[in-house]
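Student: Below is the structure I would like to discuss, written out as structure tokens.
The values are calculated or read from the model by the stated rules, or taken from the named source; none is laboratory data. Keep in mind it's a predicted model, so treat the numbers as computed, not measured. Glycine gets a Cβ as well: all are built from the backbone with ideal geometry, and neighbour counts include every protein chain shown. Note: areas computed on protein heavy atoms with side chains; ligands, DNA, RNA excluded. Shrake-Rupley method; radii C 1.70, N 1.55, O 1.52, S 1.80 Å.
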Amino acid sequence: MADLRSIFIERAQATCPTIIFPEADSETVALAGAKAAELGVCKSVLMGDADTIRGFVGDVDVTIIDIDADTALVEELAAIYAEREDFPLEVAIDMMSSKINFACMYVAAGKADGIVCGYTCPTAEAVSAGQEFIGLAEGAAMPNAYVIVEPDNFDGGEDGMLVFADPVMVVQPNSEELACIATNTAASVEKLLGWEPRIAFLSYSTKGSGGSADAEKVRKAVEIAREKRPDLLMDGELQLDSAIVPGVSEKKIKGENVLKGTANILVFPDCDAGNITVKSVSMFANGGGTFAVMCGFAKPMGEISRRSDVDGMVFSTAVTAAQC
């Protein structure tokens, strides 16, 4: 994804927002935050023990926060949260003892523009903290995630790239949640990538060829999504080949064929299917997909995989910064 990498880095450098890394006690995260700062992708705020982090990054210009030592800042953020939510201050202070909670509140309080996390923190914990402290974007009923992939020897989608949603966050979506995944992802892709979304809701069935409740769930999701965003090109339920191969699409789809095998956003029926497919493409087709773009939050959250290396984390940081 060399072209995308350059685009996102240049876009991030244009504004150089402040990004907080709550897992900088891990050397890989600290080095990624330092490299992002050196490249001008962001102003990095690294959370963890100051001596440990300095040992990792040397004299690179970063801000270091140790919540065990900086009790005044912990109490400041706790007070903001307690007032906002009409919450007992003592309880809020206890909540800020969690690095991920603190980092999300740091963003919510306007001290940083975005957050990058997920290397040591489970995704579910990060999502929960994001919802509680950062909150949801206007019009979003829930957050979700998507992954950008670029499989070898594939020239469909959008210049050989595809967006997979949601292989990370929403485990067993119902029809309403699938529709929300589609519209959230479309809005983010329009803004971040500049694509015209062409959305395929995937299934084992194509346009009624399968009669199970699983296929019906997907068909209903398409109807709901069309009501929310009638301006979007979307269709379903579709098998993968019907969604991204024009010749197969022409053969399998009788009647109206909105996408004609040119989908660039694939909405998977559940997280199992999405996650397995992302990792298969990444491992067997050199397709990337080692980070997720979270969408639906009021401010940008970037997710990094436990498999990510420093360069992968810098890329994820650039994508997050580009959204700020």
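For (1) under 20 Å from Asp311 (Cα atoms); (2) in contact with a helix residue (DSSP H, G or I) (Cβ under 8 Å, 6 or more places away or on another chain); (3) modelled with pLDDT of 95 or more, each residue gets a yes or a no:
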position: Val41; (1), (2), (3): yes, yes, yes
position: Leu46; (1), (2), (3): yes, yes, yes
position: Asp51; (1), (2), (3): no, no, yes
position: Phe56; (1), (2), (3): yes, yes, yes
position: Val62; (1), (2), (3): yes, yes, yes
position: Asp66; (1), (2), (3): no, yes, yes
position: Ala72; (1), (2), (3): no, no, yes
position: Ala79; (1), (2), (3): no, yes, yes
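Student: Ok, one more. Residues of the range 155-176 being under 20 Å from Leu136 (Cα atoms) and crowded, with 20+ Cβ neighbours inside 10 Å, which ones?
Tutor: Ala165, Asp166, Pro167, Val168, Met169, Val170, Pro173
Student: Yes or no: Ser242 modelled with pLDDT of 95 or more, part of a helix (DSSP H, G or I), closer than 22 Å to Val147 by Cβ and polar (S, T, N, Q)?
Tutor: yes
Student: Residues that are without any contact (Cβ under 8 Å) to a residue 60 or more places away in the chain and either under 17 Å from the mean Cα position of the chain (by Cα) or farther than 21 Å from Asn174 by Cα (or both): does the range 258-268 have at least one?
Tutor: Checked against the condition, which is being without any contact (Cβ under 8 Å) to a residue 60 or more places away in the chain and either under 17 Å from the mean Cα position of the chain (by Cα) or farther than 21 Å from Asn174 by Cα (or both), the range 258-268 yields at least one hit.
Student: Follow-up question, since we're still on this one. Please verify whether the range 205-218 includes one or more residues that are aliphatic (A, V, I, L, M), in a helix (DSSP H, G or I), over 27 Å from Ala298 (Cβ atoms) and touching a Pro at 6+ places or on another chain (Cβ under 6 Å).
Tutor: yes
Student: Test Ala126 against the criterion of being without any contact (Cβ under 8 Å) to a residue 60 or more places away in the chain and either part of a strand (DSSP E or B) or not charged (D, E, K, R) (or both), and give yes or no. Show your work before the answer.
Tutor: Working: without any contact (Cβ under 8 Å) to a residue 60 or more places away in the chain: no; either part of a strand (DSSP E or B) or not charged (D, E, K, R) (or both): yes.
So Ala126 does not fit the description; no.
Student: When the residues of the range 66-100 are filtered to those that are touching a residue at least 24 places away in the same chain (Cβ under 8 Å) and outside any helix (DSSP H, G or I), which remaining residue is most open to solvent (accessible area, probe 1.4 Å)?
Tutor: Per the stated criteria, the residue is Ser97.
Student: Could you check the range 119-136 and list, in sequence order, the residues that are crowded, with 16+ Cβ neighbours inside 10 Å, at pLDDT 90 or above and under 19 Å from Pro173 (Cβ atoms)?
Tutor: Ala126, Val127, Gly130, Gln131, listed by residue number.
Student: All but one of (1) in a strand (DSSP E or B); (2) of a type in the set (Val, Ile, Thr); (3) out of contact with any strand residue (DSSP E or B) (no Cβ under 6 Å at 6 or more places or on another chain) hold for Val314; which doesn't?
Tutor: (1)
Student: Can we say Val116 is open to solvent by less than 50 Å² (accessible area, probe 1.4 Å), among the aliphatic types (A, V, I, L, M) and in contact with a Ser or Thr (Cβ under 7 Å, 6 or more places away or on another chain)?
Tutor: Values: open to solvent by less than 50 Å² (accessible area, probe 1.4 Å): yes; among the aliphatic types (A, V, I, L, M): yes; in contact with a Ser or Thr (Cβ under 7 Å, 6 or more places away or on another chain): yes.
It is true that Val116 is open to solvent by less than 50 Å² (accessible area, probe 1.4 Å), among the aliphatic types (A, V, I, L, M) and in contact with a Ser or Thr (Cβ under 7 Å, 6 or more places away or on another chain).
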